[in-house]
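What follows is a short report on a single structure.
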Amino acid sequence: MPIPINHSRPKRKSAKENAFNQIQQWIIEGTLKPGEKLNDSELAEALGVSRTPIRESLQLLEVQGFVKMYPGKATQVTEVKKESIKDLLPPLASLQALSAELAISHLNDEVIKLLERTNERFAEAIHSKNYFSALRIDEEFHQIIVDTAKNPYIHNIVADLQAHVRRLFFHNSIILTKKSIDEHQTIINLMVRVK
């Protein structure tokens, strides 16, 4: 049997990474509710891993502000503060703007077309009032620019901030509007013009 050689290999993830991603997703989507106490044994059983990767994941989630650990007592999901959007969006917008500046030197027709297609999909989601899909596509749009900027530090910080944006969306703190469609197109136009 001929085995293809030009393929991307799947990235292997550790038990800690898998546990972290799943627990974070449950917190973001509200499966694990604000204020809820977390039991590392129950999480380990649910995810089919030992308690060690669960504890490591919870420590990372505490650093990100998704849980609060009280040593010897409990670990709780942090409360959602709707007003935190005022603190969250300015640094995210600044990093996205910096990414756009850095991406210009790596910009090509393929990236521009990808941005335009992504914005079209975003517009469709907004017009059909599928706001969860619109949020995901909005993230995709900005992630294309962040990836094109090729700066791992910005990439990591934006990913952390974006997780909090997603959580606020699920708790009805963020509403996407048709105005964002035009803003995306303005970003594309400016990047092309400066290129």
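The values are calculated or read from the model by the stated rules, or taken from the named source; none is laboratory data. Bear in mind that the values here come from a model prediction, so they are computed numbers and not experimental data. Here the Cβ is made from the backbone with ideal geometry for all residues, glycine too, and neighbour counts use every protein chain on show. Ligands, DNA and RNA are excluded from the accessible area calculation, which covers all protein heavy atoms including side chains. Shrake-Rupley method; radii C 1.70, N 1.55, O 1.52, S 1.80 Å.
What to note about this one:
- Selection of the range 25-37 for residues being assigned to a loop (DSSP other than H, G, I, E, B) and out of contact with any helix residue (DSSP H, G or I) (no Cβ under 7 Å at 6 or more places or on another chain) yields 31, 33, 34, 35, 36.
- Out of 148, 177, sole residue that is open to solvent by 30 Å² or more (accessible area, probe 1.4 Å) and hydroxyl-bearing (Ser, Thr, Tyr): 177
- Among residues of the range 157-174 being part of a helix (DSSP H, G or I) and of a type in the set (Val, Ile, Thr), the one that is surrounded by the most Cβ atoms within 10 Å (Cβ to Cβ) is 158.
- Just one of (1) closer than 30 Å to residue 193 by Cα; (2) under 19 Å from the mean Cα position of the chain (by Cα); (3) not aliphatic (A, V, I, L, M) fails for residue 108. It is (2).
- Residue satisfying condition, being over 27 Å from residue 57 (Cβ atoms) and among the aromatic types (Phe, Trp, Tyr), within set 132, 141: 141
- Any hit, the range 120-129, residues being outside any helix (DSSP H, G or I) and under 20 Å from residue 27 (Cβ atoms): no
- Among the candidates 57, 41, 50, residue that is touching a residue at least 40 places away in the same chain (Cβ under 8 Å) and among the polar types (S, T, N, Q): 57
- Residue pairs meeting the criteria (Cβ under 6 Å; at least 6 apart or on separate chains; first more than 15 Å from residue 175 (Cβ to Cβ), in the range 120-136; second open to solvent by less than 70 Å² (accessible area, probe 1.4 Å)): 121/137; 123/181
- Annotation note: of 115, 135, the sole residue that is over 25 Å from residue 21 (Cα atoms) and hydrophobic (A, V, I, L, M, F, W, C) is 115.
- Number of residues in the range 38-55 that are open to solvent by less than 70 Å² (accessible area, probe 1.4 Å) and part of a helix (DSSP H, G or I): the value is 7.
- Test: residue in the range 124-137 that is surrounded by 18 or more Cβ atoms within 10 Å (Cβ to Cβ), closer than 25 Å to residue 34 by Cβ and within 12 Å of the chain's Cα centre (by Cα): yes
- Residues in the range 86-118 that are part of a helix (DSSP H, G or I) and open to solvent by less than 30 Å² (accessible area, probe 1.4 Å): 88, 92, 99, 100, 103, 111, 112, 115, 118.
- Residue 154 being in a helix (DSSP H, G or I) and within 25 Å of residue 65 (Cβ to Cβ): yes
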